[in-house]
Amino acid sequence: MSQESSHRVVVIVDENSNPFELGCATEIFGLSRPEIGRDLYDFRLCSPEPDTLMRDGFFTLTGVADLQATDHADTLIVPNRPDIDTPRRPAVLDTIRRAHARGTRLVGFCSGAFTLAEAGVLDGRRATAHWQWAENFRTRFPDVQLEPDVLFVDDGDILTAAGSAAALDLGLHIVRRDHGAEIASAVSRRLVFAAHRDGGQRQFVERPVPDLPDESLAPVIAWAQERLDTPLTVAGLAAQAAVSPATLHRRFQAQLGTTPLAWLTAERITLARRLIELGETRLDVVARRTGLGTTANLRALMRRETGLNPSAYRRRFGPRPTPAPAE
């Protein structure tokens, strides 16, 4: 039987809200996790009205709590909808402001960034929104540091995702931040979704990816992932792909929105996190098995990518000590 989590995630659903993002939140934060052995979150829905008509009148949501359900939220997911020009309800905006003042973590999926900006909690903060609304957003909210070319932005206690599919990326990022990479990987496997797309990836490729087998990055990526403990270089990856380093660089940028070196470093850090979460305490072993070389390099990159050094990361996400048997 799964254990109930004390971290409460509350989603505000308002008129014309998008069902997809609501489904993403429910899938990631609301489902029971018997494969993990415990529930990760206490999940609630709420709405300012007893009956809420969802986007384009697809269906009506009933039987959820009122806005008082947000009073004890640890994470609050704000409403999003395709109509970005109609002002949000004052009651919803007031609820968001009060939650922010209490220290509640705020999350906006897609046009949810507009909701957060209307509430005034994004001034001077970093955020993202769907690329097609970037100019509208900048015009209306010039005090927000908009980053329109990324999948999501984690600005500490306020997180925003660029679009519908990016809601899954951000949701898994939150699980990873709260519970570690191993748990996030378990959730992503159940979703049959990529475990980790870095928030800094582009929202869309700059041009269509050519539909040619020899253009695919999959073979060279799989080859590299099996050899992270070896001294891989961009030149070596290019040779394996039978292209020049410049061509490989262009393909990584077009298909993954990153460089070969940045991708390789991210893969090594992900492996380091998994090793630490699984109980490896010897930093020299982690550095060697991930190809990061030295413990100093491991520490520097772990801190840059996670905000924690390896020891702090282990305390937060490593295996919990086994309780001593009662005598």
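Screening Phe317 against (1) surrounded by 19 or more Cβ atoms within 10 Å (Cβ to Cβ); (2) of a type outside the set (S, T, N, Q); (3) within 16 Å of Ala181 (Cβ to Cβ); (4) modelled with pLDDT of 85 or more leaves a single unmet condition, (4).
If you go through the stretch 264-314 and keep only what is of a type in the set (A, V, I, L, M, F, W, C), part of a helix (DSSP H, G or I) and closer than 17 Å to Ile183 by Cα, you end up with Ile269, Leu271, Ala272, Leu275, Ile276. When restricted to residues that are at pLDDT below 90 and not in a loop (DSSP other than H, G, I, E, B), the stretch 53-77 contains 4.
Taken over the stretch 83-97, residues that are closer than 19 Å to Glu49 by Cα and in contact with a helix residue (DSSP H, G or I) (Cβ under 8 Å, 6 or more places away or on another chain) amount to 7.
Of all residues in the stretch 158-183, those that are without any contact (Cβ under 8 Å) to a residue 12 or more places away in the chain have Cβ atoms under 9 Å from Cβ atoms of residues that are part of a helix (DSSP H, G or I) and surrounded by fewer than 21 Cβ atoms within 10 Å (Cβ to Cβ), 6 or more apart or on another chain, in Ala165/Phe20. Across the stretch 235-278, the number of residues qualifying as of a type in the set (Val, Ile, Thr) and closer than 24 Å to Thr295 by Cβ comes to 4. Residues that are assigned by TED's automatic domain parsing to the domain that holds Leu93, assigned to a strand (DSSP E or B) and out of contact with any helix residue (DSSP H, G or I) (no Cβ under 8 Å at 6 or more places or on another chain) were ranked within the stretch 1-44; the one that is surrounded by the most Cβ atoms within 10 Å (Cβ to Cβ) is Asp42.
Picking from residues in the stretch 78-105 that are in a loop (DSSP other than H, G, I, E, B) and at pLDDT 95 or above, the one that is nearest to Glu21 (Cα to Cα) is Val78. For the stretch 106-144, how many residues meet the condition of being under 18 Å from Arg89 (Cα atoms), without any contact (Cβ under 8 Å) to a residue 60 or more places away in the chain and assigned to a helix (DSSP H, G or I)? Matching residues across the stretch 106-144 total 7. Listed conditions (1) assigned to a loop (DSSP other than H, G, I, E, B); (2) within 20 Å of Glu305 (Cβ to Cβ); (3) among the hydrophobic types (A, V, I, L, M, F, W, C) are all met by Val153, apart from (1).
Pairing residues of the stretch 17-40 that are more than 16 Å from His179 (Cβ to Cβ) with residues that are assigned to a helix (DSSP H, G or I), at Cβ distances under 6 Å and at least 6 apart in sequence or on separate chains, gives Asn18/Arg55; Phe20/Ser164; Glu21/Ala167; Cys24/Ala167; Cys24/Leu168; Cys24/Gly171. Determine whether Arg55 is under 12 Å from Asp14 (Cβ atoms), among the charged types (D, E, K, R), without any contact (Cβ under 8 Å) to a residue 60 or more places away in the chain and buried (at least 18 other Cβ atoms within 10 Å of the Cβ). Against the criterion (under 12 Å from Asp14 (Cβ atoms), among the charged types (D, E, K, R), without any contact (Cβ under 8 Å) to a residue 60 or more places away in the chain and buried (at least 18 other Cβ atoms within 10 Å of the Cβ)), Arg55 qualifies. Within the stretch 11-29, the set of residues being acidic (Asp, Glu) and in contact with a strand residue (DSSP E or B) (Cβ under 8 Å, 6 or more places away or on another chain) comprises Asp14, Glu15, Glu21.
The values are calculated or read from the model by the stated rules, or taken from the named source; none is laboratory data. From a predicted model like this one, the values you see are computed outputs, not experimental measurements. Counting neighbours? That spans all protein chains shown, and the Cβs are built from the backbone with ideal geometry, glycine included.
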